[in-house]
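Working notes, structure below.
The values are calculated or read from the model by the stated rules, or taken from the named source; none is laboratory data. Computed from a prediction, not measured in an experiment: that's the story for all the values here. Methodologically, a virtual Cβ is constructed for each residue, glycine included, from the backbone with ideal geometry; neighbour enumeration extends over all protein chains shown.
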Amino acid sequence: MTFLFFWKKSPSRVWQSLVVGMIVLVSFQVYAASDNAVLSGEEKYSRLKLLDTSEIKRDARWYVSFDNDFFAPKNRDQDYTYGINFAYAADELAGHIFSRLLGNIDRQLGLDGDRRAKTLEFGLYGFTPANVESPLPDYDDRPYASLVYFSTTSESMDWENQIVLRSQLTLGVLGLDLVGDVQNFSHRMVGGAEAQGWSHQISNGGEPTFRYSLARQQRIATSLDHVEFKHTLAASIGYVTEVSWSLGVRTGRISTEWHSFKPEVKNYAESVASQRSRAPENYFWAGMAIKARGYNAFLQGQFRESEVRYDYGDLRPMVLEAWAGYTHEFCNGYHLNYGLRGHTSEIRNGAGDRNVIWGGIMLGKAFL
């Protein structure tokens, strides 16, 4: 069906969400940068910067992560069924074309200070209904959905006030066959049932999409030894448009700075690895977030017609998310993470009205 037909069936559905998201995002940016509003020129962001480079120089590092409901206590092949990403992080990436694109957006929003911690990431992830063996569309459960994406991140720090501002730009394509092909290939390798309904996925055949997000992280002072708390206010616009507030904690043998590990800003497979620690470390981490979600393309579709999708009124606007895990870094620079993550049901009625849980592992390596 044509774009015009889809638009007539769902007038302004996507644009309304994007406009509201942009208003929220700009309002959030004004709040995040308020401490620097009275400054000008080079002084404007003199406080919003990292420590001296010689003190906090970040080593280049790579990581690969894999999410799957197989890693959760109940092995359920449904909902957020799997995600894979590969990433490389280094300050030298500032000159990359995608990093420059993110930098241009940041400057338009007033975030033109000393922004570092550049990361480039490629990945894919997918969602399925509970019954993956039926080739027919299931109008009572969540739709098949997938994203193949490329993202870049940047951050800066107000060290005096212990505040980090982090931005991320993700460009991707919804509805490609690749995600379903990878899932079915892995199922054939282990003798599992293949998912038969990928032809009914959101934006089947492919449709470009994007997401831009901002997060303001702040450390919470505590007198406890080996324990760190922080809270994060975040907003995003694009294929997932939402605002959120989260509280996170980690405890154990900690050598990295409080802002270096960021499970609270993870969006499904999209994630950020921690920086290299001064010494081997190991710690437990946990957190929770309250999200007000205005738009979710994985459930509602985008501009292109989707055979199975939900309207906004079919979804719950408030979602509670929680996570917990363990991180271990070895003397040779390798680090390993394992985590569990889940959120409350986003769908109001039908078979899709269920809580979601999955697990994930991440392996990374820092280079001296």
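Some values worked out for this structure:
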item	result
The one condition in (1) over 13 Å from the mean Cα position of the chain (by Cα); (2) modelled with pLDDT of 80 or more; (3) not hydrophobic (A, V, I, L, M, F, W, C) that Gln275 fails to fulfil	(2)
Selection within region 117-133 - farther than 26 Å from Ser99 by Cβ and assigned to a strand (DSSP E or B)	Gly126, Phe127, Thr128
Scope region 340-356; condition β-branched (Val, Ile, Thr), within 23 Å of Ala324 (Cα to Cα) and at pLDDT 95 or above; matching residues	Thr344
Positions within region 282-310 being within 23 Å of the chain's Cα centre (by Cα) and of a type outside the set (A, V, I, L, M, F, W, C), in sequence order	Tyr283, Gly287, Lys291, Arg293, Gly294, Tyr295, Asn296, Gln300, Gly301, Gln302, Arg309, Tyr310
Unique match (being in a strand (DSSP E or B) and under 30 Å from Val308 (Cα atoms)) among Leu320, Leu363, Leu336	Leu320
Of residues in region 311-368 being in contact with a Pro (Cβ under 8 Å, 6 or more places away or on another chain) and aromatic (Phe, Trp, Tyr), the one nearest to Val265 (Cα to Cα)	Trp323
So Val190, is it farther than 30 Å from Arg100 by Cβ, of a type in the set (A, V, I, L, M) and without any contact (Cβ under 8 Å) to a residue 24 or more places away in the chain	yes
Leading residue by the ranking (nearest to Glu305 (Cα to Cα)) among those in region 153-177 that are among the charged types (D, E, K, R) and more than 18 Å from the chain's Cα centre (by Cα)	Asp177
Residue list for region 106-124, restricted to those being buried (at least 23 other Cβ atoms within 10 Å of the Cβ) and at pLDDT 90 or above	Glu121, Gly123
Unmet criterion (only one of (1) at pLDDT 70 or above; (2) surrounded by fewer than 23 Cβ atoms within 10 Å (Cβ to Cβ); (3) on the phi < 0 side of the Ramachandran plot) for Lys57	(1)
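For every residue, the table says whether it meets (1) surrounded by fewer than 21 Cβ atoms within 10 Å (Cβ to Cβ); (2) among the aliphatic types (A, V, I, L, M).
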position	(1), (2)
Ala221	yes, yes
Leu233	yes, yes
Thr241	no, no
Ser246	no, no
Gly252	yes, no
Glu264	no, no
Ile290	yes, yes
Arg304	yes, no
Asp311	yes, no
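The rows are residues; the columns are (1) under 22 Å from Phe70 (Cβ atoms); (2) crowded, with 17+ Cβ neighbours inside 10 Å; (3) in contact with a helix residue (DSSP H, G or I) (Cβ under 9 Å, 6 or more places away or on another chain).
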position: Val319; (1), (2), (3): no, yes, no
position: Ala322; (1), (2), (3): yes, no, no
position: Phe330; (1), (2), (3): no, no, no
position: Thr344; (1), (2), (3): yes, no, no
position: Asp353; (1), (2), (3): no, no, no
position: Trp358; (1), (2), (3): yes, yes, yes
position: Ile361; (1), (2), (3): yes, no, yes
